[in-house]
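Notes to accompany the following structure.
The values are calculated or read from the model by the stated rules, or taken from the named source; none is laboratory data. None of these values were measured; they are calculated from a predicted model. As a convention, Cβ positions derive from the backbone with ideal geometry for all residues, glycine included, and neighbour counts pool all protein chains shown. These area figures cover heavy atoms from the full protein model, side chains too; ligands, DNA and RNA do not enter into them. Shrake-Rupley method; radii C 1.70, N 1.55, O 1.52, S 1.80 Å.
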Amino acid sequence: MNTTDQPTVSLYQIVTTTEVILVARNWVTGKSIVSPGEDLPYAIVDAVRMVPGEAASVTFVDVEDGDRPIPFTGGIVKTIDRLPYSGYDLSGK
(Lines give C-alpha, C1' and ligand atoms only; values in the text may rest on other atoms or scores of the structure.)
Protein backbone atom coordinates (compact mmCIF):
# COMPACT_ATOMS: atom_id res chain seq x y z
CA MET A 1 0.00 0.00 0.00
CA ASN A 2 1.09 3.54 -0.68
CA THR A 3 0.44 6.59 1.43
CA THR A 4 -1.12 9.48 -0.44
CA ASP A 5 -1.44 13.21 0.01
CA GLN A 6 -5.12 13.05 -0.94
CA PRO A 7 -6.68 10.02 0.76
CA THR A 8 -9.23 7.99 -1.14
CA VAL A 9 -10.99 7.24 2.14
CA SER A 10 -12.94 9.78 4.18
CA LEU A 11 -13.97 9.21 7.79
CA TYR A 12 -17.01 10.84 9.35
CA GLN A 13 -18.43 10.96 12.86
CA ILE A 14 -22.17 11.57 13.05
CA VAL A 15 -23.53 12.45 16.48
CA THR A 16 -27.24 11.82 16.90
CA THR A 17 -29.57 12.15 19.85
CA THR A 18 -29.11 8.42 20.63
CA GLU A 19 -25.75 7.23 19.21
CA VAL A 20 -22.47 8.14 17.54
CA ILE A 21 -22.27 6.69 14.01
CA LEU A 22 -18.93 6.24 12.28
CA VAL A 23 -18.74 6.16 8.47
CA ALA A 24 -15.74 5.26 6.28
CA ARG A 25 -16.26 6.14 2.59
CA ASN A 26 -13.96 5.00 -0.24
CA TRP A 27 -14.29 7.60 -3.00
CA VAL A 28 -12.67 5.35 -5.62
CA THR A 29 -15.04 2.39 -5.22
CA GLY A 30 -18.03 4.40 -4.01
CA LYS A 31 -18.47 1.91 -1.15
CA SER A 32 -18.98 2.71 2.51
CA ILE A 33 -18.79 0.85 5.77
CA VAL A 34 -20.59 2.05 8.88
CA SER A 35 -20.48 1.39 12.60
CA PRO A 36 -23.88 2.21 14.13
CA GLY A 37 -22.19 2.87 17.48
CA GLU A 38 -18.72 3.61 18.79
CA ASP A 39 -18.34 0.11 20.28
CA LEU A 40 -19.93 -1.79 17.38
CA PRO A 41 -18.11 -3.32 14.40
CA TYR A 42 -18.21 -1.80 10.92
CA ALA A 43 -20.48 -3.38 8.30
CA ILE A 44 -20.99 -2.95 4.56
CA VAL A 45 -23.81 -0.59 3.64
CA ASP A 46 -25.91 0.04 0.56
CA ALA A 47 -27.21 3.49 1.50
CA VAL A 48 -26.42 6.16 4.08
CA ARG A 49 -28.56 9.26 4.72
CA MET A 50 -27.40 11.74 7.34
CA VAL A 51 -29.10 15.14 7.33
CA PRO A 52 -28.86 17.47 10.35
CA GLY A 53 -32.23 17.66 12.09
CA GLU A 54 -33.50 14.39 10.54
CA ALA A 55 -33.30 10.78 11.67
CA ALA A 56 -30.12 8.96 10.64
CA SER A 57 -30.84 6.25 8.08
CA VAL A 58 -28.54 3.40 7.03
CA THR A 59 -29.26 0.31 4.95
CA PHE A 60 -26.80 -2.43 5.87
CA VAL A 61 -26.06 -5.40 3.60
CA ASP A 62 -26.25 -8.89 5.13
CA VAL A 63 -23.61 -10.63 3.02
CA GLU A 64 -24.27 -13.93 4.81
CA ASP A 65 -27.92 -13.90 3.71
CA GLY A 66 -27.78 -13.18 -0.02
CA ASP A 67 -27.04 -9.45 0.41
CA ARG A 68 -30.38 -8.95 2.15
CA PRO A 69 -30.89 -5.27 3.08
CA ILE A 70 -31.20 -4.47 6.79
CA PRO A 71 -32.63 -1.00 7.49
CA PHE A 72 -31.42 0.96 10.52
CA THR A 73 -32.92 4.21 11.76
CA GLY A 74 -30.98 6.12 14.37
CA GLY A 75 -31.57 9.25 16.36
CA ILE A 76 -31.89 12.78 15.05
CA VAL A 77 -28.60 13.95 13.48
CA LYS A 78 -27.02 16.73 15.55
CA THR A 79 -23.56 17.06 13.97
CA ILE A 80 -21.52 15.62 11.10
CA ASP A 81 -17.76 15.94 11.38
CA ARG A 82 -15.09 14.79 8.95
CA LEU A 83 -12.28 13.18 10.89
CA PRO A 84 -8.61 13.42 9.90
CA TYR A 85 -7.32 10.44 7.94
CA SER A 86 -3.64 9.91 7.29
CA GLY A 87 -3.73 6.23 6.44
CA TYR A 88 -3.09 4.22 3.35
CA ASP A 89 -4.39 4.40 -0.20
CA LEU A 90 -7.01 1.64 -0.20
CA SER A 91 -7.79 1.89 -3.91
CA GLY A 92 -5.47 -1.01 -4.80
CA LYS A 93 -3.42 1.12 -7.22
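Protein chains only, probe 1.4 Å: how do Ile80, Ile14 rank by accessible area, largest first?
Ile80, Ile14
Of Asp81, Asp62, which has the most accessible area with a 1.4 Å probe, and how do the rest follow in descending order?
Asp81, Asp62
Using the charge dipole of region 1-84 (Lys, Arg: +1 at Cβ; Asp, Glu: -1 at Cβ; taken about the Cα centre), state which of Ala47, Ser32, Thr8 has its Cα farthest towards the positive end.
Thr8
Sort the following peptides by mean Cβ neighbour count (other Cβ atoms within 10 Å, averaged over residues), highest first: 64-76, 35-47. Provide the component values of the computation, followed by the final result.
Details: 64-76: 11.5, 35-47: 13.4.
Final packing ranking: 35-47, 64-76.
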